[in-house]
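Below you'll find the structure, written out as structure tokens, and then a few comments.
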Amino acid sequence: MNRSTARLTRLAAAFAVLLLVLVACGGQAGIFENVGTNLEGGDGERADVDSGAFEQPTEGGSGVTDPDDFAAPPFAAPIEQRIVKTGEVTLEVEQVGEALGRVRALAVELGGYVGGSQAGTLDDRASLTIRIPAASFDEAIARLHEMDADVVAEATREQDVTGQVVDLEARIDNLRASETSYRELVARAERVEDILAVQSRLDEVRGQIEQLTAQLDAIEGQAALSTLTITLIPKAAPIVAQSETWDPGAQLDRALASLMGIGQGLLNGVIWFTIVWLPILLVLALVVLLALRGVLEVRRRLPVSGQEARPAEDDVTA
């Protein structure tokens, strides 16, 4: 009897524990069901996540979020474009010297300078090269067209060097990072061999940085200051002016006077030759003839005396 009672008691306790576990599980399931119900809006439809409790207040207090507030962050600033501008202009002017001064003044007015010039006399052609800011390049061309001159030839060129500038800047940045690393290695190195090796590499990197920096500065200078070469040539004298100064009668008089001068010169030569040079030449010719005759006479007698002496020598020998 006691055993049966104890067994029933243990069964009742086990059943009570099982009942408590089931009740606890049911409560947790109810909690999750309530959460799902709240998300569904309580009426079986999905609640709008972008509204209600998830709305962010705005400056106007309307409670509606502007899509622009969630826009992506801005991109990096665009790279400034570098363009090298060069040009040549040939002008035909009345006075080269005056036009040369005006072009020099124009270069200074636009904030540039004269890089070089070549000029002769005031009536000869001249050329000069000016360096002006790139922003004033088109204005300089327009101002040259406004001068009291005729534009004979014009040529302009533009070269985009932005890629070269970006490449040089990137290489310089990488070399500077390497330079910093080498400096740290030099500071931590303890052996002399290591210090010398790292220092040699550091000097090499520093030389490359200086070389690339010089190239970058040269390109930046060409892009900042455009080059314009101006050639000034004098205007040719018009044909009408030349025809007005031509006088056929005067030219005929000059030709006859020149002919008479030539004839007088020839006649003077004949007179001087007949009176002065002809007697002298005759006397000289006579002297030459007498000399030649004497020489021939001497040469004719020399062989005869030689033949008379030869038989006498033969008799003595016999």
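The values are calculated or read from the model by the stated rules, or taken from the named source; none is laboratory data. Source: prediction; values computed, not measured. Positions of Cβ are generated from backbone atoms using ideal geometry, with glycine treated the same way; all protein chains shown enter the neighbour counts.
Determine if the stretch 74-82 includes at least one residue that is surrounded by fewer than 16 Cβ atoms within 10 Å (Cβ to Cβ) and closer than 17 Å to Leu225 by Cβ. Within the stretch 74-82, one or more residues are surrounded by fewer than 16 Cβ atoms within 10 Å (Cβ to Cβ) and closer than 17 Å to Leu225 by Cβ.
Scanning the stretch 179-238 for residues that are exposed (fewer than 14 other Cβ atoms within 10 Å of the Cβ) and outside any helix (DSSP H, G or I) yields Glu190, Arg191, Lys235, Ala236, Ala237, Pro238.
Conditions tested, residue by residue: (1) farther than 30 Å from Ala236 by Cβ; (2) among the hydrophobic types (A, V, I, L, M, F, W, C); (3) modelled with pLDDT of 90 or more.
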| residue | (1), (2), (3) |
| --- | --- |
| Ala155 | no, yes, yes |
| Gln164 | yes, no, yes |
| Leu168 | yes, yes, yes |
| Ser178 | yes, no, yes |
| Ala187 | yes, yes, no |
| Glu190 | yes, no, no |
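Residues in the stretch 93-139 that are in contact with a strand residue (DSSP E or B) (Cβ under 8 Å, 6 or more places away or on another chain), among the charged types (D, E, K, R) and surrounded by fewer than 18 Cβ atoms within 10 Å (Cβ to Cβ): Glu94, Arg104, Asp123, Asp124, Arg125. When we screen Val270, Val276, Val283 for residues that are among the hydrophobic types (A, V, I, L, M, F, W, C) and modelled with pLDDT under 85, the only hit is Val276. Only one entry in Gln118, Gln95, Gln159, Gln81 is within 17 Å of Lys235 (Cα to Cα) and not hydrophobic (A, V, I, L, M, F, W, C), namely Gln95. Any residue in the stretch 50-68 that is in a helix (DSSP H, G or I), at pLDDT below 90, small (Gly, Ala, Ser) and exposed (fewer than 14 other Cβ atoms within 10 Å of the Cβ)? Yes, there is a match, as at least one residue in the stretch 50-68 is in a helix (DSSP H, G or I), at pLDDT below 90, small (Gly, Ala, Ser) and exposed (fewer than 14 other Cβ atoms within 10 Å of the Cβ). Residues in the stretch 98-118 that are of a type in the set (A, V, I, L, M, F, W, C), under 11 Å from Ile130 (Cα atoms) and in contact (Cβ under 8 Å) with a residue 24 or more places away in the chain: 4 in all.
Please tell me if Ala142 is loosely packed, with under 12 Cβ neighbours inside 10 Å and either at pLDDT 90 or above or not assigned by TED's automatic domain parsing to the domain that holds Thr86 (or both).
Numbers: loosely packed, with under 12 Cβ neighbours inside 10 Å: yes; either at pLDDT 90 or above or not assigned by TED's automatic domain parsing to the domain that holds Thr86 (or both): yes.
Yes: the conditions hold for Ala142.
Can you name the residue in the stretch 71-123 that is among the charged types (D, E, K, R) and part of a strand (DSSP E or B) and is also modelled with the lowest pLDDT among such residues? The qualifying residue modelled with the lowest pLDDT is Glu92.
Would you call Ala153 small (Gly, Ala, Ser) and surrounded by fewer than 12 Cβ atoms within 10 Å (Cβ to Cβ)?
Working: small (Gly, Ala, Ser): yes; surrounded by fewer than 12 Cβ atoms within 10 Å (Cβ to Cβ): yes.
Considered against the rule, which asks whether it is small (Gly, Ala, Ser) and surrounded by fewer than 12 Cβ atoms within 10 Å (Cβ to Cβ), Ala153 comes out as yes.
Please go through the stretch 156-165 and pick out each residue that is of a type in the set (S, T, N, Q) and either more than 17 Å from Ala224 (Cβ to Cβ) or surrounded by 14 or more Cβ atoms within 10 Å (Cβ to Cβ) (or both).
Correct list: Thr156, Thr162, Gln164.
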